[in-house]
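The values are calculated or read from the model by the stated rules, or taken from the named source; none is laboratory data. Everything quoted here is computed from the prediction, not taken from an experiment. Here the Cβ positions follow ideal geometry from the backbone for every residue, glycine too, while neighbour counts run over all protein chains shown.
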Amino acid sequence: MVTAIFNIDRMEKTLMSTITKKSSVYPVDGLSVPTVLCIGVHDATSHTIGSVVNISINQKLGCRTHPVITSVCTGQNEINLPTSVISCQLQPLRQMLIDSINIDAVGCVESVEEIREFLRNLDSKKSPVVLNLNNEARLNDDVLQATIDSILPFCSVVIITHDVIKCLRSNEQQSMQNVASKLLTMGPEAIVVQDENGQRYVVINDNNERSQSSYSLLPTRSHNSYTEDLSAAIAAFLAHGNLTLSTAIAYGDSYSTARELHQLPDVRILPYTFVQEMWSFVDDIHKRILTLPFINKMLDSTLNERIHDYYIIQDYYFFLDRGYMLNGLVNHCIHDTEVLEFLKTQLEKNKKYINTILVDNNLPPCDENTIEKMPACVYYTRMMRELGEHRGILATIAGLVGLLPCTLIYAKVGDWMIESGIRPTIKRYADFIDAYYDQARHDRLAHFIELINRLANNCSHEQKLKLKEIFRQICEYEYAFWDDAYQYGMHY
C-alpha cells in the first residue's frame, strides 16, 4: 500500500519527443493485424486483471497480444519474476514491429528499470505507450517513484486512480486536476484519472503544446469498470494507428464499460480471427519463402525450366496424396453440410488438377518408380494422409487447417509477385502470376478462411494450440517443398 506523499514539483522533467503513430489501417491484407505488447502480471485465477484480460480485449478489438510477464499471481500471493527473466522476454522484441504498448503496475524497482531500458532502446519508430497506475496494493513508495521517474516520460497515456493521486499530492489542498497537469509536464500526452465514484476525467495537451492542457469529463461512470479494461482498450485502439489520442481514449472509455463495439457506430474493427492468429504464428516462414531462389528466379525468368518441370512432377505426387486426404475427410464428415460441400468441391478440383497438370506442362506420365519423391514431398504427403484418416469434428478442423497453407501461401506468393510489378517473359511463369488476378480465386480463399474461423470458435485453447502446431508444420513443409524442388531439380 502506498503511503508516502511525493512532491511532483521536484521530480525531474524528462521530456520525450512526440511519439510517431503509424498510419496503417486494419486490415492491411485481411491477415496482418496490429500487435500490442502487454507488460505486467499474469493471473489465470482472475478475469479482471493481467494478461488474460489483455488477450481477451485485444482479440475482440482486432489485435494480437504479445505478453511479457513481470509477476505471477498464485492464489493470494503475487511473485515478482527475476529481472533476468523479464530481460529475456524483452530482449528479442527490440526489433519487432510493435503497434502499441500497454504497461500494468509493476511490483519492484528492478523491474521498472528493466522496462525503462527496453523503452529507451526501442527502435526509432516509437509506438504509443499506455501506463496503468491503478493497483496501489502492488505499489510501494519506491516503486511508484521509480515508475514516475523512469516510465512516465515514455508514455502517451497514463491512467491513474484517486488512491494513487492522493499519494502524489504535495499538500491536502492540491486538486486531482492539478496533480494530473503536473504529471502531464513529465512527458505523457494525456492523463486519465478515475475518482472514488468511478467517474473518469482526462487532462490532455492542446495542440501538442506542453503549456496548454484541457481537463474534460469522460462519459463513463461505472463501479464495475476496471482500469485494466480501459488501458487495454485504449492500447488496442491506438494500435490500429488511425485514431487520434483523444478519440482512442473516448472509445476505450466507452468500450471498457459496455464491452460492445456496437456502442461505437463510427468504429469498424473486426475481431482478431483464428486464421489471423495462425498466420501471425508463421510470419517468419512466409518471409523466408519470399527469399527462396525458386520463387525469385521464376519471377525474373531465370529459373531453369528443367527445375520447374521437376517441381511440377513433385506437385503431381503431392496432389495424388492430397486427393487421398480429401477422400478421407469427405467420408468422415457427417456433422456439417457446408463443410462437406466444400470438401467435395475441393476433391473434384483436385481430380481435375491431377488429370491435367502433367499434360499442361508437356510432361509424360510418371510415377515414383521413374522419379522418386523428394524428401520434402515425402514428409509433407505423409502428414497429409495421416490428417485424412481420423474421425470427429476436431479431426475435420485439423484436416482443413492442414489444407489451408497450400492455398493461402500460394495466394500470398502470387500477390507478392503481382505487387513486384515484374512480369516473367516465360509464359508458364507469367501464367502462374496471372492466375492470382482471378477474383473468384480470392473469393474461394475467403470462404475457406471463414469456414475455419467458424469451426475454430468452438475449440478450446488447448485444441487451438494443437491446430496452430499443425498449421506451422505444414507451412514449414511448404517452404521445404519449394527449396527441395530447386535443389533436387538442378540434378533432374
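Brief remarks follow.
- Criterion violated by Ile312 - all others in (1) within 22 Å of Asp367 (Cβ to Cβ); (2) out of contact with any Leu (no Cβ under 8 Å at 6 or more places or on another chain) satisfied: (2)
- Whichever residue in the range 88-104 is surrounded by 15 or more Cβ atoms within 10 Å (Cβ to Cβ) and more than 15 Å from Ala235 (Cα to Cα) and, among such residues, is modelled with the lowest pLDDT: Leu93
- Taken over the range 77-114, the criterion of being part of a strand (DSSP E or B) and out of contact with any Cys (no Cβ under 9 Å at 6 or more places or on another chain) is satisfied by Asn77, Glu78.
- Condition met for Val68 (farther than 21 Å from Phe274 by Cα, in the same structural domain as Arg116 (by TED's automatic domain parsing), at pLDDT 85 or above and outside any loop (DSSP other than H, G, I, E, B)): yes
- Matching residues, the range 443-472, being in a helix (DSSP H, G or I), out of contact with any helix residue (DSSP H, G or I) (no Cβ under 7 Å at 6 or more places or on another chain) and not basic (Lys, Arg): Asp443, Ala446, His447, Glu450, His461, Glu462, Leu465, Glu469
- With a requirement of 2 or more residues that are more than 29 Å from Lys466 (Cα to Cα) and either basic (Lys, Arg) or not assigned by TED's automatic domain parsing to the domain that holds Ile289 (or both), the helices (runs of 4 or more DSSP H) lying completely within the range 335-430 that satisfy it span 337-360.
- Against the test of being under 26 Å from the mean Cα position of the chain (by Cα), β-branched (Val, Ile, Thr) and surrounded by 15 or more Cβ atoms within 10 Å (Cβ to Cβ), the options Val164, Val68 yield a single qualifying residue, Val68.
- The test for being at negative phi, crowded, with 18+ Cβ neighbours inside 10 Å and out of contact with any Cys (no Cβ under 9 Å at 6 or more places or on another chain) holds for Lys126.
- When Tyr380, Tyr316 are checked against the criterion of being closer than 30 Å to Asn458 by Cβ and of a type in the set (Phe, Trp, Tyr), a single residue qualifies: Tyr380.
- When the test is whether a residue is modelled with pLDDT of 85 or more and either more than 23 Å from Leu408 (Cα to Cα) or in contact with a Gly (Cβ under 9 Å, 6 or more places away or on another chain) (or both), Ile249 passes it.
- Selection from the range 324-334 of residues that are without any contact (Cβ under 8 Å) to a residue 24 or more places away in the chain and either in a helix (DSSP H, G or I) or surrounded by 15 or more Cβ atoms within 10 Å (Cβ to Cβ) (or both): Val330, Asn331
- Checking Ala435 against (1) in contact with a helix residue (DSSP H, G or I) (Cβ under 8 Å, 6 or more places away or on another chain); (2) of a type in the set (A, V, I, L, M, F, W, C); (3) free of Cβ contacts under 8 Å to residues at least 60 places away in the same chain; (4) surrounded by 14 or more Cβ atoms within 10 Å (Cβ to Cβ), the condition it does not meet: (4)
- Residue pairs whose Cβ atoms lie under 7 Å apart, separated by 6 or more positions or on different chains, with the first residue in the range 454-482 and at positive phi and of a type in the set (Val, Ile, Thr) and the second surrounded by 15 or more Cβ atoms within 10 Å (Cβ to Cβ) and in a helix (DSSP H, G or I), do not occur.
- Restricting the range 344-375 to residues that are farther than 30 Å from Met490 by Cβ and touching a residue at least 24 places away in the same chain (Cβ under 8 Å) leaves a set whose member that is surrounded by the fewest Cβ atoms within 10 Å (Cβ to Cβ) is Lys351.
- Enumeration of residues in the range 146-202 that are in a loop (DSSP other than H, G, I, E, B), of a type outside the set (Asp, Glu) and touching a His at 6+ places or on another chain (Cβ under 9 Å): Asn197, Gly198
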